[in-house]
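Worksheet: one structure, shown below.
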Amino acid sequence: MSDRAILLINLGSPESPTVPDVRRYLDQFLMDPRVVDLPWLLRRFIVSAFVLPRRPKATSEAYASIWTDAGSPLKVYTAALAEAVAEQLGEPVRWAMRYGTPSIEDELLALAETGVRRVRVMPLYPHWAMSTTETSQVEAQRVVDTHGLALELETSAAFYDHPEYIAELAALTQEHLEADDHLLFSYHGLPERHLRRSDPTGNHCLRHEDCCQVASPAHAFCYRHQVFVTAERVAAALGLPAERWEVSFQSRLGRAKWLDPYTDQVLEALPSRGIRRLAVVCPAFVADNLETLEEIGMQGRETFMAAGGERFTLIPCLNSRPGWVSAVSGMLREAPIPATSVNVS
């Protein structure tokens with residue numbers, strides 16, 4: 001048996017679309033200091049006093065609208081990807097959720113029991129962010145340290161500009177894009193303070209208008225720069241002129257300033273600009289989930305059509321399509337990178 005295994009990590013999902021399960025999931029998710037980067041006491045107060053009493057009911061209804069007979073779409077697609085990658089690589093491949101189950105802790109403990117000594121950790125997020133990539137890496141290391149596991153963790157790089165990711169995302173998009181469609185790249189949003197906090201230079205991100213275009217060491221940790229690179233490369237691969245595509249950010253939460261423009265506002269405004277036939281792709285996600293299927297596929301569609309849109313196409317995520325399985329397998333054959341972390345107390 002190989003002494004190496006692979007652990008694919010995705011964000012997470014409640015166990016079921018019921019209110020109690022959604023409440024437990026939201027509590028775990030929002031109490032992560034790399035998601036809500038506020039002091040513990042203030043974070044606990046906000047989550048307990050304002051979020052958990054109100055949000056679980058609406059969120060559970062949203063989850064119910066996308067739930068399948070097999071369960072959470074995110075889990076179903078992540079499991080299918082792991083199984084297909086294992087078959088292609090001929091190595092043990094497990095999968096975990098950062099929040100919910102199967103947990104990173106349970107999967108690493110199970111791997112340690114099999115005699116594995118090296119685990120290649122691949123967070124399934126194309127673009128680096130402290131609330132996705134970093135928190136997954138930190139949690140994996142915490143498990144190893146807490147339990148004294150004889151596991152050496154290896155990390156896969158963010159793949160926002162990897163040729164195989166770009167090629168497969170472009171191929172998927174092309175399959176669903178009509179000749180007269182406008183293409184909207186809708187990325188999950190982040191609070192602007194996350195970018196400033198993750199900037200290792202301390203003086204680049206969001207300090208001037210063209211910060212994403214000016215070369216800087218900060219770009220290795222800059223979600224905003226990386227999403228623009230992905231969009232530009234996919235648009236170039238598709239041969240789209242600048243006037244046929246744009247970028248927006250979805251899923252904002254709270255009153256803090258988040259990356260803009262906001263997707264819901266863009267969808268409402270597009271028909272008044274003469275854009276009535278639209279395709280939306282969500283490259284921040286590699287597996288369909290609540291944010292793609294319900295927020296964009298249902299709410300976003302309704303917003304756009306009510307504003308005067310004529311055609312709305314949600315382009316699915318890469319999920320477990322064969323080309324994506326090959327791309328992930330190819331990236332896992334490449335050398336790992338050193339783990340990196342931003343200090344968050």
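Below is a table of values for the structure above.
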{"quantity": "P(r) weight above 19 Å for the stretch 1-76, C-alpha pairs, percent", "calculated": "47 percent"}
{"quantity": "Dipole of the stretch 163-314, positive direction: furthest Cα of Val234, Met298, Val247, with charges on the beta-carbon", "calculated": "Val247"}
{"quantity": "Gain on full stretching of the segment that runs from Arg4 to Glu178 - 0.36 nm per residue minus C-alpha separation", "calculated": "58.3 nm"}
{"quantity": "Semi-axis lengths, Å, the stretch 163-314, gyration tensor of Cα atoms, sqrt of 5 times eigenvalues", "calculated": "26, 18, 14"}
{"quantity": "Point-charge dipole on Cβ atoms (K/R +1, D/E -1) for the chain, about Cα centre, debye to 20", "calculated": "940 debye"}
{"quantity": "Evaluated at q = 0.18, 0.22 Å⁻¹: base-10 log I(q)/I(0), Debye formula over Cα of the stretch 109-187", "calculated": "-0.83, -1.02"}
{"quantity": "Rounded Å value of the spacing that divides the Cα centres of the stretch 222-275 and the stretch 1-52", "calculated": "26 Å"}
{"quantity": "Met331-His208 FRET efficiency (beta carbon distance; Förster radius 35 Å; 0.05 resolution)", "calculated": "0.60"}
{"quantity": "Positive-end residue of Leu332, Ala167, Asn289, charge dipole of the chain with Cβ unit charges", "calculated": "Asn289"}
{"quantity": "Percent of beta bridges antiparallel (DSSP, the chain, rounded to nearest 5)", "calculated": "10 percent"}
{"quantity": "Listed peptides 48-56, 12-20 by packing density, highest first (mean Cβ within 10 Å)", "calculated": "12-20, 48-56"}
{"quantity": "Ellipticity estimate at 222 nm from DSSP helix runs (n ≥ 4, -39,500 (n - 2.57)) divided over the chain, nearest 500", "calculated": "-11500 deg cm²/dmol"}
{"quantity": "Kirkwood Rh, angstrom, the chain [1 / mean 1/r, Cα pairs]", "calculated": "20.8 Å"}
{"quantity": "Estimated dipole of the stretch 165-257 in Debye, rounded to 20 [Cβ of Lys and Arg +1, of Asp and Glu -1, Cα centre]", "calculated": "780 debye"}
{"quantity": "Extension gain from Thr114 to Glu152, taking 0.36 nm per residue of separation minus the Cα-Cα distance", "calculated": "12.3 nm"}
{"quantity": "Per DSSP, loop GluC sites (Glu not before Pro) in the stretch 66-122 with at most 11 further Cβ within 10 Å", "calculated": "none"}
{"quantity": "Unit charges on C-beta of K, R, D, E only; dipole of the stretch 147-206, Debye", "calculated": "560 debye"}
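Computed from the coordinates by the stated procedures, all read-outs in this text should not be read as laboratory data. All values reported here derive from a predicted model rather than from experimental measurement. When we count neighbours, we look across all protein chains shown, and the Cβ atoms used for this are built from the backbone with ideal geometry, even at glycine.
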